[in-house]
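Accompanying notes for the structure given below.
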Amino acid sequence: MKVTVVGAGAVGATCADNIARKELANELVLLDIKDGFAEGKAIDMMQTATLLGFDTKISGVTNDYSKTAGSDVVVITSGLPRKPGMTREELIGINAGIVKGVAENILKFSPEAIIIVISNPMDTMTYLALKSLGLPKNRIIGMGGTLDSSRFKFYLSQALDCNPNDLQGFVIGGHGDTTMIPLTRLATYQSLPVSNLLDKATLDKVAADTMVGGATLTGLIGTSAWYAPGAAGAALVEAILRDEKKLFTCCVSLEGEYGQNDICLGVPVIIGRNGWEKIIDFKLTGDEQAAFNKSADAVRNMNSVLAE
Ligand code: NAI
């Protein structure tokens, strides 16, 4: 199996590191536009092979897409990250040009690849990739809800003082601070509804903390986070290459599901060897559906910038 990660920055390198440690691929290519940058990161990572005991062969290239040929999965992380006080939406103009160019180059050499989009604003970048590449919709996956759901479970574990691995919970909708929807109603601790274990004020705080989870880290670190985003990207690569048929929240093309059309938005999907294989279209409450529709409006608004 061959995986390419485009963008050897904080998220891309962390994603690659996780892919190598788990030996998800025998060949892993890191590509970056910055001269020598991906080469350096790849050599540094390869020098951990004997320490960590992995067999994945990692190579780095500067903008040479021929070296990515025949990739089964491509993760796109190229683009600018958020600075403190900056919204994901502000990144749109710059990152749209980058993501479109990268995706087109990738497709020339890996026509069968499944593409995972991480670059922000992710919902819009996923829509852009879907529209500009003309690939079957199942092969374009946006990574956002996977990370947000993991953050949701982190904040729930803090409130419940429990192991986050005993929790289940989803964040659906857009990947923006105001557009994501942590589904507190459906979250469980083992099989116990967390809504029976935490009072409403605490649950509301968990939801609010989740929504600004990325911005909180940007404020603390000075740039956007990378450990969890990189691990979330690698978890999707793993589910694809190992054909796990696991349930994740991912940003995918909606054609009537959740009452939405012509948009890519975060919903629960089964991930396997064919990309996203099935949308789990469950019935939301009136309030949840209203929040989902509002989220869709905001993302659609951002998508309209692409046409300008
Ligand atoms: P970074 O600045 O550390 O790395 C980005 C890399 O992309 C740089 O090394 C840069 O040289 C490279 N790059 C820029 N233009 C390129 C091009 N045309 N071709 C190839 N490489 C190019 O940024 P970081 O922290 O890794 O974030 C990457 C992206 O991921 C940002 O857009 C950020 O907002 C987004 N992100 C998305 C998350 C999500 O949940 N979807 C979570 C965290 C970050």
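Every number here is computed from the coordinates shown, using simple stated rules; none is lab data. Remember, it's a predicted structure, so these values are computed and weren't measured experimentally. A quick note on method: Cβ atoms are made from the backbone with ideal geometry, for glycine too, and the neighbour counts reach across all protein chains shown.
Here are some notes:
- Arranged from fewest to most other beta-carbon atoms within 10 Å of their beta carbon, M180, M1 become M1, M180.
- Relative contact order computed over the chain (Cα-Cα under 8 Å; 6+ residues apart), in percent: 18 percent
- The trypsin sites (Lys or Arg not before Pro) of region 97-132 include none that meets both conditions, a loop assignment by DSSP and at most 11 other Cβ atoms within 10 Å of the site Cβ.
- Among 163-174, 40-51, the order from most to least packed when residues are scored by Cβ within 10 Å on average: 163-174, 40-51
- Cα gyration tensor shape of region 128-222, rounded if a/c is under 1.5, else prolate or oblate by comparing a/b with b/c: prolate
- For the chain, calculated [θ]222 nm from helices alone, where every DSSP H run of n ≥ 4 adds -39500 (n - 2.57): -13000 deg cm²/dmol
- Ordering 193-200, 205-212 by mean Cβ neighbour count within 10 Å, with the highest value first, yields 205-212, 193-200.
- Residue-wise HN-Hα coupling along region 274-288, computed from phi with Karplus coefficients 6.51, -1.76, 1.60 (Hz; x: Gly, Pro): 9, x, 8, 9, 7, 8, 8, 9, 9, 7, 8, 6, x, 5, 5
- Highest-fluctuation residue, G256, G36, G97 considered, GNM on the chain with Cα pairs under 10 Å: G256
- Cα gyration tensor category, rounded, prolate or oblate, for region 35-141 with a/c compared to 1.5: oblate
- Label-point separation, N163 to D55 (7 Å along Cα→Cβ), nm: 3.1 nm
- Spin-label pair Q190/K205, simplified geometry with 7 Å Cα→Cβ offset, distance in nm: 2.6 nm
- Inter-part distance where region 22-58 and region 225-289 are each reduced to a Cα centre, Å: 27 Å
- For region 71-156, GluC sites (Glu not before Pro) are listed when DSSP marks them as loop and at most 14 other Cβ atoms sit within 10 Å of their Cβ; the list is E112.
- Protection proxy ranking, peptides 57-66, 218-227, average beta carbon neighbours within 10 Å, highest first: 57-66, 218-227
- Once the Cα atoms are used to define both axes, helix 122-133 deviates from the longest principal axis of the chain by about 50 degrees.
- Between S132 and D281, the modelled label-to-label distance comes to 2.9 nm, taking each label 7 Å out from Cα in the direction of the beta carbon.
- Taking only the Cα atoms of the chain, the radius of gyration and Dmax are 18.5, 56 Å.
- Gain upon complete extension [L247, T178; 0.36 nm per residue less C-alpha separation]: 22.5 nm
- Cα gyration tensor category, rounded, prolate or oblate, for region 168-225 with a/c compared to 1.5: prolate
- Region 255-296: trypsin sites (Lys or Arg not before Pro) falling in loop per DSSP and having at most 16 other Cβ within 10 Å: R273, K283
- Taking Cα centre as origin and charging only the Cβ of basic (Lys, Arg, +1) and acidic (Asp, Glu, -1) residues, the dipole magnitude of region 258-303 rounds to 120 debye.
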